[in-house]
1. Out of (1) part of a loop (DSSP other than H, G, I, E, B); (2) more than 16 Å from ligand 7 (Cβ to nearest atom); (3) of a type in the set (A, V, I, L, M), the odd one out for residue 445 is which?
2. Could you check region 357-371 and list, in sequence order, the residues that are among the charged types (D, E, K, R) and surrounded by fewer than 17 Cβ atoms within 10 Å (Cβ to Cβ)?
3. Take the conditions modelled with pLDDT of 95 or more, open to solvent by 10 Å² or more (accessible area, probe 1.4 Å) and in the same structural domain as residue 181 (by TED's automatic domain parsing) and apply them to residue 117. Does it pass?
4. Keeping to region 188-221, report how many residues are assigned to a loop (DSSP other than H, G, I, E, B), touching a residue at least 40 places away in the same chain (Cβ under 8 Å) and open to solvent by 10 Å² or more (accessible area, probe 1.4 Å).
5. Does region 401-413 include one or more residues that are assigned to a helix (DSSP H, G or I), in contact with a helix residue (DSSP H, G or I) (Cβ under 8 Å, 6 or more places away or on another chain) and within 16 Å of ligand 6 (Cβ to nearest atom)?
6. Cβ-Cβ below 7 Å, separation at least six or inter-chain, first residue in region 457-470 and modelled with pLDDT of 95 or more and among the β-branched types (Val, Ile, Thr), second within 16 Å of ligand 10 (Cβ to nearest atom) and assigned to a loop (DSSP other than H, G, I, E, B): which pairs?
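The values are calculated or read from the model by the stated rules, or taken from the named source; none is laboratory data. For clarity, every value in this text was computed on a predicted model and none was experimentally measured. Backbone-built Cβ (ideal geometry, glycine too); neighbour counts: all protein chains shown. Please note that ligands, DNA and RNA were not included when accessible areas were found on the heavy atoms of the full protein model with its side chains. Shrake-Rupley method; radii C 1.70, N 1.55, O 1.52, S 1.80 Å.
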Amino acid sequence: MYSQVSTAAWSLALVAQLVGADNPGQIGSYNGLAVTPAMGWDNWNAFGCDVSEDLLLGTAQKIVDVGLRDLGYNYVILDDCYSDGRYPNGTIKPNFQKFPNGFKHVSDRLHALGLKYGMYSSAGYLTCGRYTASLGREMTDAQTFADWGVDFLKYDNCYNGGQSGTAQISYTRYKAMSDALNATGRPILYNMCSWGDDGPWNWAQTMANSWRMSGDVYDSFSRPDERCPCTGDEPGYLCALPGFHCSILNIMNKMAKIVSKTQTGAQNDMDALEVGNGGMTDDEYLTHMSMWTLEASQLVMGTDIRSLDPSAYSILANPAVLALNQDPAVSAGARRWIHQVADKDENDAGNIQLWARTMNNTDAVIALVNAGNTLRDMNATLADIFFDQGGVISPQARQGWDIYDLWANRMDNETASSILNGTAPAIISVDDMLNQTTRWNVSMMSYAEGLNANASALFGKMIGSVDALGTVTAKNVSRHGVALYRLRANGKGMSKLDARDEL
Ligand SMILES: *[C@@H]1O[C@H](CO)[C@@H](O)[C@H](O)[C@H]1NC(C)=O
Ligand SMILES: *[C@@H]1O[C@H](CO)[C@@H](O)[C@H](O)[C@H]1NC(C)=O
Ligand SMILES: *[C@@H]1O[C@H](CO)[C@@H](O)[C@H](O)[C@H]1NC(C)=O
Ligand SMILES: *[C@@H]1O[C@H](CO)[C@@H](O)[C@H](O)[C@H]1NC(C)=O
Ligand SMILES: *[C@@H]1O[C@H](CO)[C@@H](O)[C@H](O)[C@H]1NC(C)=O
Ligand SMILES: *[C@@H]1O[C@H](CO)[C@@H](O)[C@H](O)[C@H]1NC(C)=O
Ligand SMILES: *[C@@H]1O[C@H](CO)[C@@H](O)[C@H](O)[C@H]1NC(C)=O
Ligand SMILES: *[C@@H]1O[C@H](CO)[C@@H](O)[C@H](O)[C@H]1NC(C)=O
Ligand SMILES: *[C@@H]1O[C@H](CO)[C@@H](O)[C@H](O)[C@H]1NC(C)=O
Ligand SMILES: *[C@@H]1O[C@H](CO)[C@@H](O)[C@H](O)[C@H]1NC(C)=O
């Protein structure tokens, strides 16, 4: 539908994004994986090095029991600190205190639960926790992982012996593991955890499924930290000191510069989620979740699932938001504008932002982020939302749209508690599911099918409409909160000329 719009003013980046939207699947995955972003759980954010078989398998069971697997969270990823050196023959030796039955056992149990098994190593001489790592041992370790039944590898960047500093050096170091994984013949999703070092968004698409584009996230919305020195405002967002303790706003600002690099099979990874870990307000977690999904980041839960509270559950389990992340037209929302505001928070941060993305079914999704310090109404003009398609004259801006609030049907605590304690009634059939507003099960129907069927649970709640050339207004957006809206063309306000331009 965009083919007849003048492309003169478009940047290459936007063309790439729209090609992705127009031809889903055309830009493929190098190994057939991460066609849509991976979803799962990783222990690091909540547990760090405190890993064990009990933790992994207990969490896995809970992920199944509370319906998170069937919302798509199917990779269970063991992070650092699981090994005890190597056997004389060079194979990684499990820490048998933590994993008394070894990793094939863990893998078999996860697979029996319908889950996939994620593992961790570093493209260095040691992992970040100073355990044995895989630089120079790629073939051996990849084969070990394949023998253990691993389906996903998070591959870190610690102790890389100075083998970074140019794209070529980093590429070579990470490509060695990509080739080694490929040589095993086992499909293993390859998640480079290279913190944005040497700009992986420029070179990783042909050999990895996702790459971290920042130093580690931490559980704060806006607090700056000297250990995360890059802001995203460096030229081309290239920064030699990725660090860690990066706030949600910091990572969003970096992501804004590289959105065009996310595609089917290869995504910018904004790091695992902090939802549930307690360092942010409910509104801040909603913004965090909204932006990670809108940006098509892989969605990896990072909290203790065994003691999840209902409010965290209802953030992680909102099907309308997950369907956005899993849309077949994989692209990252682009920031249309950012304005500084006078009301700064205690961290001296204060701005408002509009982000927008086109979905496979031609809906648009927008996020109005209030990173100011007070509740406010926020506006987005159709001209700004559809700026890519030709500013105010775009056919999209010259028609009416219905507005759906993707958080309006967020599950209430009572329902979430009943799911968490196992007393909620099961969804009994596809018909039953199509009547639900807060629950989904991808084993019964995929998000893509549900979107094509206009399933209520995937569209939130209709809250109004906007006329051609009009303004979308979000009332009372909380401090550090978000309005996450899906716009659906309602056919109103289009002239014949517009209709012709439309296709
Ligand atoms: C999802 O649907 C599948 C297939 O019908 C079923 O086996 C599974 O138990 C359902 N999951 C949940 C959480 O109800
Ligand atoms: C290396 O030795 C360990 C311990 O005996 C064994 O479990 C593993 O299979 C061996 N690795 C290879 C590649 O033979
Ligand atoms: C190995 O790479 C080739 C070329 O990209 C791809 O077709 C194949 O699916 C890959 N195999 C595995 C197991 O990743
Ligand atoms: C839901 O539960 C959370 C704690 O999990 C609580 O903070 C919140 O106020 C509750 N919401 C409502 C509407 O009761
Ligand atoms: C938002 O737009 C409405 C309708 O155009 C207008 O009345 C209002 O003043 C605007 N508010 C802000 C904060 O810009
Ligand atoms: C489960 O949670 C629901 C909703 O909070 C509550 O009404 C019910 O009593 C709980 N049941 C059990 C067995 O804990
Ligand atoms: C779904 O909702 C419709 C309309 O309310 C109703 O007729 C139908 O029986 C419902 N189906 C199921 C399976 O609950
Ligand atoms: C994407 O949209 C196209 C055009 O509407 C549709 O034919 C296709 O089925 C959609 N893709 C998926 C996976 O649903
Ligand atoms: C879904 O809704 C869209 C927009 O209202 C409409 O064009 C389409 O026909 C609907 N599809 C189905 C299967 O109902
Ligand atoms: C917004 O907040 C104002 C003042 O608290 C209140 O009067 C109004 O009803 C709210 N509007 C909405 C749509 O929530």
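1. (2)
2. Correct list: empty.
3. Answer is no for this residue.
4. Of the residues in that region, 9 qualify.
5. Yes, the conditions are met somewhere in region 401-413.
6. Within 7 Å, the pairs are 463/408.
Residues are listed down the side, and each one gets a yes or a no for (1) among the hydrophobic types (A, V, I, L, M, F, W, C); (2) outside the structural domain of residue 78 (by TED's automatic domain parsing); (3) part of a strand (DSSP E or B); (4) open to solvent by less than 10 Å² (accessible area, probe 1.4 Å):
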residue	(1), (2), (3), (4)
278	no, no, no, no
291	yes, no, no, yes
296	yes, no, no, yes
306	no, no, no, no
342	yes, yes, no, no
348	no, yes, no, no
355	yes, yes, yes, yes
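Yes/no matrix, rows are residues, columns are (1) among the charged types (D, E, K, R); (2) open to solvent by 40 Å² or more (accessible area, probe 1.4 Å); (3) assigned to a strand (DSSP E or B):
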{"residue": "423", "(1), (2), (3)": "no, yes, no"}
{"residue": "434", "(1), (2), (3)": "no, yes, no"}
{"residue": "439", "(1), (2), (3)": "yes, yes, no"}
{"residue": "450", "(1), (2), (3)": "no, no, no"}
{"residue": "454", "(1), (2), (3)": "no, yes, no"}
{"residue": "465", "(1), (2), (3)": "no, yes, yes"}
